[in-house]
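Participant: Let me begin by handing over the structure; questions about it come next.
The numbers here are math on the coordinates, done by the rules we state, and not lab data. The model shown is predicted, which means the values in this text are computed figures rather than measured ones. Note: ideal-geometry Cβ built from the backbone for every residue, glycine included; neighbour counts use all protein chains shown.
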Amino acid sequence: MEITHQLNEKDFVEAYRTHCSRGPSRKWRTAIWVLFLVIFIPAIIFHAIATNTSAVSAYLPLAILAIAWFVVIRWFQLFNMRKQFRNQPGVQGPRTMTFDSDGTHLRWDGGSADVAWKNYIRWVEGKNQILFYTSPACFNILPTQGLDAEQIAELRKMLSQNIQTPK
């Protein structure tokens, strides 16, 4: 199976989001938000009601700081991914991925790579792409918008047969 595609900035950013949403950091982010929303805010409200004071206003700067911190971190990540795409010529332009019994063969303007199936540790399917991992943090991106349902089904089957996903 041979697929020719061209990554754009949106594909690159979405791939990073997919990568981050599947990793261990997702669990920590979720735990922090749950702690903040389910425990911290109700505790402040309960304290204010129980003591009949306006303790909410005392904690308001901390709440605003916490929310701002999460927003800034996410904005910085998005800005960084866009910058990486713009400054990395190897991801721009047409790319061809060939899948066969040996593995994947990638060709792009300026290079090529052949990766045996045994070197992949996992694959992850996002909303509009499939990520192929050769390490916990290093992956190749295949956008799926231009593929029809039959091609995606064939690709999923090939990946499931050749890449052992960790338990």
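Participant: Please give the Cα centre distance for region 111-128 versus region 63-80, rounded to the nearest Å.
Facilitator: When both Cα centres are located, 31 Å separates them.
Participant: Shifting gears a bit: Contour minus end-to-end for residue 122 and residue 109, with contour as 0.36 nm per residue of separation and end-to-end as the Cα-Cα distance?
Facilitator: 2.1 nm
Participant: When we measure straight from the Cα of residue 83, which aspartates and glutamates land under 15 angstrom away, once same-chain ones fewer than 8 places off are left out?
Facilitator: Here the aspartates and glutamates satisfying the reach criterion relative to residue 83 are 9, 11, 14.
Participant: Excluding residues fewer than 8 places away in the same chain, name every one of the aspartates and glutamates whose C-alpha is closer than 16 Å to that of residue 157.
Facilitator: Result set, ordered by chain and number: 2, 100, 102, 125, 148.
Participant: Pull out the extension gain between residue 70 and residue 3, defined as 0.36 nm times the separation in residues minus the alpha carbon to alpha carbon distance; nm, one decimal.
Facilitator: 20.4 nm
Participant: Here's another thing I want to ask about it. Tell me, what is the FRET efficiency for residue 17 and residue 101 to the nearest 0.05, using R0 = 30 angstrom and their Cβ-Cβ distance as r?
Facilitator: Computed FRET efficiency for residue 17 and residue 101: 0.40.
Participant: So how do 117-129, 149-161 stack up, highest first, on mean other-Cβ count within 10 Å?
Facilitator: Per-residue mean Cβ counts within 10 Å order the peptides as 117-129, 149-161.
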